[in-house]
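To start, the structure itself, in structure tokens.
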Amino acid sequence: MQTTPTALLALVLACTAPALAEEQWSYEGRAAPPHWGELSERWQTCSKGMYQSPVDIQHPIAGHLPPLQLSFYPRAKSIVNNGHTVQVTVEDEEDFLLDDQRWTLKQFHFHVPSENHIQGRGFPLEIHFVHANAHGELAVVAVMAVAGAANPALESILGALPPPRDPPQKLQQKLLLTQLYPGDRHYYRFSGSLTTPPCSEGVIWLVMKQPIAASAAQLARFATALAHANNRPLQPLHGRQIVE
Ligand SMILES: [Zn+2]
């Protein structure tokens, strides 16, 4: 079944509410990723799709893509731990131009460990910044984190984290999104899908080449907050090209 762009956008915003869908999916047990496509008619793309995410980024084609030009506009945010991920919802707080369109940040969330891999390498944490254009089409900017210096923005998020399945809370602390992006904004680009049901395709993926740093303690606190790994396994490329 095709998901329209507008429905897709509604979907990624609905994740702010605690997970109470009629069908439940999970990262473990009978509702784990290999079974997502069987759990609901509406989720068949999870098993039948040909352009699924995440992927291992191998053999990129040199497209000489310029670095992503992100603009930031500090606005109010809310935060939730919905049982699947830790998610921060924003109001048009950051955007960029790509393919002559403006893509505006809607929410960002965390995966422990990373979903995408780069040249066969996984990372302890991956942040997904979910953007939409005026038509409700999606572009996800992914940023990897490695162990190093403590990250002040991650500290603000960890400090404000509500207990699992509590309602979203307003984020009071100052949070500078620039601290969640690497200084070097070169990226890999490819076509993919949502990495959670309904696994809808037609999502533009922009994976930053350079990781950011987070302290080992911060990485451990994210793992504890999520209580279990929330990374979908790698999906086949099926001939897709990755451009850098
Ligand atoms: Zn994600």
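The values are calculated or read from the model by the stated rules, or taken from the named source; none is laboratory data. Note that the coordinates shown come from a computational prediction; the quantities given were computed from them, not determined experimentally. Here the Cβ positions follow ideal geometry from the backbone for every residue, glycine too, while neighbour counts run over all protein chains shown. Surface areas here come from the heavy atoms of the whole protein model, side chains and all, with no ligands, DNA or RNA. Shrake-Rupley method; radii C 1.70, N 1.55, O 1.52, S 1.80 Å.
Below are the figures for this structure:
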{"quantity": "Strands (runs of 3 or more DSSP E) enclosed by region 113-211 - at least 1 residues per element that are closer than 18 Å to residue 225 by Cβ and either of a type in the set (Val, Ile, Thr) or touching a helix residue (DSSP H, G or I) at 6+ places or on another chain (Cβ under 7 Å) (or both)", "calculated": "125-132, 138-147"}
{"quantity": "Residue 88 closer than 24 Å to residue 175 by Cα and either open to solvent by 20 Å² or more (accessible area, probe 1.4 Å) or in contact (Cβ under 8 Å) with a residue 60 or more places away in the chain (or both)", "calculated": "yes"}
{"quantity": "Members of region 212-233 that are assigned to a loop (DSSP other than H, G, I, E, B) and within 14 Å of the ligand (Cβ to nearest atom)", "calculated": "229, 230, 231, 232, 233"}
{"quantity": "Check on residue 185, over 21 Å from residue 46 (Cβ atoms), open to solvent by 10 Å² or more (accessible area, probe 1.4 Å), more than 12 Å from the ligand (Cβ to nearest atom) and without any contact (Cβ under 8 Å) to a residue 12 or more places away in the chain", "calculated": "no"}
{"quantity": "Residue in region 73-80 that is assigned to a strand (DSSP E or B), within 15 Å of the ligand (Cβ to nearest atom) and open to solvent by less than 10 Å² (accessible area, probe 1.4 Å) present", "calculated": "yes"}
{"quantity": "Unique residue being more than 20 Å from residue 43 (Cβ to Cβ) and either under 17 Å from the mean Cα position of the chain (by Cα) or surrounded by 18 or more Cβ atoms within 10 Å (Cβ to Cβ) (or both) when the list is 218, 235", "calculated": "218"}
{"quantity": "Breaking point among (1) in contact with a Leu (Cβ under 8 Å, 6 or more places away or on another chain); (2) on the phi > 0 side of the Ramachandran plot; (3) at pLDDT below 95, for residue 165", "calculated": "(1)"}
